[in-house]
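The structure appears below as structure tokens.
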Amino acid sequence: MKWVREYAWLPILVLGVVYFVWLRPARGVNPKEAAAQFEAQRAEIERHRAEWEARRAEFDQKQARLRTEHTLFVLRMVGEAYRFHLTYEKKPPQAADFADEAGDWKSQRDGEPLVVVWGVDPARLPDGGAKALLAWEKTADADGSRCVLLADGKTAKVVTAAEFTALPKAAATR
């Protein structure tokens, strides 16, 4: 029993360390610190949300620009086909001449088929058709702009609503 009296202090020391290191009850939460941590988390979430919305807006702008560029490309293809037909057939094309291709000539911005004026000979138009519309989007974009092809068959551009109404539509030549 002598050894119990001599070494009893060791388990008591171990239990004391265990209690103070692992088993001691946690201090109560300071309400001011908790509120500060909550506000810091909220600010972090709002910062992440703002960054995400900025990236989303940038992505939407890039998509809109790509849709516009694709629509202008399709309009240039229409103009090239129109000019090719004029060169080799020696007469202005009609809708029946491009019945197969016309189904693919759609705007990426609104998904609608392009409006094309058939039977136009740009050589008979003033300025070679550089100031008249040959093809355009059926519906305007949200800001009122439209992609158009001028009757020269080469110039495809985006015009505002005011410019669109001011530009004359090419008329079929006889």
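The values are calculated or read from the model by the stated rules, or taken from the named source; none is laboratory data. In this text the structure is predicted, and so the values were computed from the model without any measurement. FYI the Cβ positions are ideal-geometry reconstructions off the backbone, even for glycines, and counts take in every protein chain you see.
Of the candidates 54, 34, 43, 50, the single residue that is under 23 Å from residue 142 (Cα atoms), in a helix (DSSP H, G or I), without any contact (Cβ under 8 Å) to a residue 40 or more places away in the chain and among the small types (Gly, Ala, Ser) is 54.
Can you confirm whether residue 142 is among the small types (Gly, Ala, Ser), modelled with pLDDT of 90 or more and closer than 27 Å to residue 63 by Cβ? So residue 142 fails the test. Count of the range 142-153 residues, restricted to those that are touching an Asp or Glu at 6+ places or on another chain (Cβ under 8 Å), in a strand (DSSP E or B) and either closer than 21 Å to residue 93 by Cα or in contact (Cβ under 8 Å) with a residue 24 or more places away in the chain (or both), is 2. Return a yes/no flag: does the range 154-166 have any residue that is within 30 Å of residue 65 (Cβ to Cβ), in a loop (DSSP other than H, G, I, E, B) and modelled with pLDDT under 90. Yes, that holds for at least one residue.
Do we have residue 67 as modelled with pLDDT of 90 or more and within 25 Å of residue 159 (Cα to Cα) here? Here the answer is yes, as residue 67 does meet what is asked.
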